Amino acid sequence: AVSFRYSDSIYVSSDFKNVKGYCARSRYFPILNPEPYNVQVDLFDRLRKEANEPQYWHLIYDKYRNVFYRFALHPYEYPKDKTPMDEDCGREFSIIVLNGKYERIGEIIFPGNTYNYHLCFVGKKGLYLSLNNQENPIFSEDELFFQGLELKNKNEME
């Protein structure tokens, strides 16, 4: 399964010849259509423009629960005192959960000042997200902190 940054779908192939697309769009995003960019544009301007657009990031398979996690990065504007080469520490993101048939079964938004969407992994107990966000009060350059997220069936929560 493959996820592209500006495509609402993920693409699945078992033989690299036959490809099937599945809609895996964030419920928070408009329909995304990739646009060619002008290579003559200043790099910083291009990076700022890209940050202001919704886009998809990781697609991670969880073999323990037979689900996929698709990360969706929400539009972000760099503060005036930061360049687009800096970390986008305040960027909100959501995680779309897809079942084994690539159907969306849930999506949740995460605050941009707590988690680092770049660092994550799947373990036996669930998905682990890094808390090493520079805006998080527990941020440390010397240690990595992760928070485990556990999938729960809606019926279990009631």
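Miscellaneous remarks
- Most mobile of Cys120, Cys23, Cys89 in a GNM of the chain (Cα contacts under 10 Å): Cys23
- Bridge orientation summary for the chain: considering DSSP beta bridges with both residues in this region, about 100 percent are antiparallel.
- Entries in Lys49/Lys152; Lys20/Lys124; Lys17/Lys152; Lys17/Lys49; Lys20/Lys152 that, when Cα-Cα distance is taken, lie over 31 Å: Lys49/Lys152; Lys17/Lys152; Lys17/Lys49
- Rolling a 1.4 Å probe across the protein heavy atoms gives the stretch 7-101 an accessible surface of 61 Å² per residue.
- Here r is the Cβ-Cβ distance between Glu50 and Val12 and R0 is 25 Å; the resulting FRET efficiency, rounded to 0.05, is 0.45.
- Each residue of the stretch 80-93 was assigned a 3J(HN,Hα) from its phi angle through the Karplus curve 6.51 cos²θ - 1.76 cosθ + 1.60 (θ = phi - 60°); the sequence is 4, 8, 10, 9, x, 7, 6, 5, 8, 5, x, 6, 6, 8 Hz, with glycine and proline shown as x.
- Mean ellipticity per residue at 222 nm, deg cm²/dmol - from DSSP H runs of n ≥ 4 across the chain, formula -39500 (n - 2.57): -2000 deg cm²/dmol
- Relative contact order of the stretch 95-158: 23 percent, from C-alpha pairs under 8 Å at least 6 residues apart in sequence.
- Using a probe radius of 1.4 angstrom, the carbon and sulfur fraction of the accessible surface of the stretch 95-158 is 48%.
The values are calculated or read from the model by the stated rules, or taken from the named source; none is laboratory data. Keep in mind the model is a prediction, meaning the values are calculated, not measured. Ideal geometry is used to build each Cβ from the backbone, glycine not excepted, and the neighbour counts take in all protein chains shown. With ligands, DNA and RNA removed, areas are computed over all heavy atoms of the protein, side chains included. Shrake-Rupley method; radii C 1.70, N 1.55, O 1.52, S 1.80 Å.
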